[in-house]
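Just below is one structure, and these are the notes that go with it.
The values are calculated or read from the model by the stated rules, or taken from the named source; none is laboratory data. Because the structure is predicted, anything quoted here is derived from the model rather than measured. Every residue, glycine as well, gets a Cβ built from its backbone with ideal geometry; the counts of neighbours run over all protein chains shown. To get the accessible areas, we keep the full protein, side chains included, count just its heavy atoms, and leave off ligands, DNA and RNA. Shrake-Rupley method; radii C 1.70, N 1.55, O 1.52, S 1.80 Å.
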Amino acid sequence: MDIDWSRFCTIAFMSLTEVGNGVVVELTDNELSTLEGVVYAWIDQSGTILRVGACNRPIGIAMLALGEDINNTLLGLDSPTPEWEAKQWFALARQGRLRALGHQPPAIDTVAGRVRPYLSIERHMIAKLKPVLNRGHH
């Protein structure tokens, strides 16, 4: 199965803070930010896929939380983001603005009811693309 990138849209950007000591995530669209059941990919300026993920809560909340988690780790505060990963995000953001693309797949009728297959799509994309910032998926 090929990935149809035309169905993805930009949902966020990540860049350095004004003082350059952390990252800032900016959402591109308030309406897109409310979508749930979204699969997303972070890419660099050359189009390299850095991370693939999925989110069952509003995607805007997840995008903003990633920036906060990275900054907390860089400051030595409690965070779910490991230090090696926070440093890699920071280094990538220093090279240029990063972009998050998101897609909310349509819900489909199954024997278990109506389901949005974003987790299956996420697994397929990770296996196919092997993004450098996905933990434990290589």
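Observations
- Of the trypsin sites (Lys or Arg not before Pro) found in the range 1-102, those that fall in a DSSP loop while having at most 16 other beta-carbon atoms within 10 Å are Arg97.
- Counting only GluC sites (Glu not before Pro) that DSSP places in a loop and that have at most 15 other Cβ atoms within 10 Å, the longest clean stretch of the chain runs over 37-138.
- Applying the Karplus relation 6.51 cos²θ - 1.76 cosθ + 1.60 with θ = phi - 60° to the range 2-16 yields 3J(HN,Hα) values of 8, 8, 8, 5, 5, 8, 9, 10, 5, 10, 6, 10, 10, 8, 6 Hz, where x marks Gly and Pro.
- For the range 24-138, carbon and sulfur atoms together expose 50% of the accessible surface, with a 1.4 angstrom probe and every protein chain in place.
- Debye equation applied to the C-alpha atoms of the chain, log10 I(q)/I(0) at 0.14 Å⁻¹: -0.64
- Student exercise, the range 65-128 dipole from Lys, Arg, Asp, Glu Cβ charges, in Debye to nearest 20: 380 debye
- A Cβ-based charge dipole, computed about the Cα centre of the chain with Lys and Arg at +1 and Asp and Glu at -1, lands at about 400 debye.
- For the range 85-123 versus the range 13-31, the gap between their alpha-carbon centres in whole angstrom: 18 Å
- Asn21-Ala107 FRET efficiency (beta carbon distance; Förster radius 35 Å; 0.05 resolution): 0.25
- Size of charge dipole - the range 22-80 - debye, nearest 20, with Cβ of Lys, Arg +1 and Asp, Glu -1, no other charges: 160 debye
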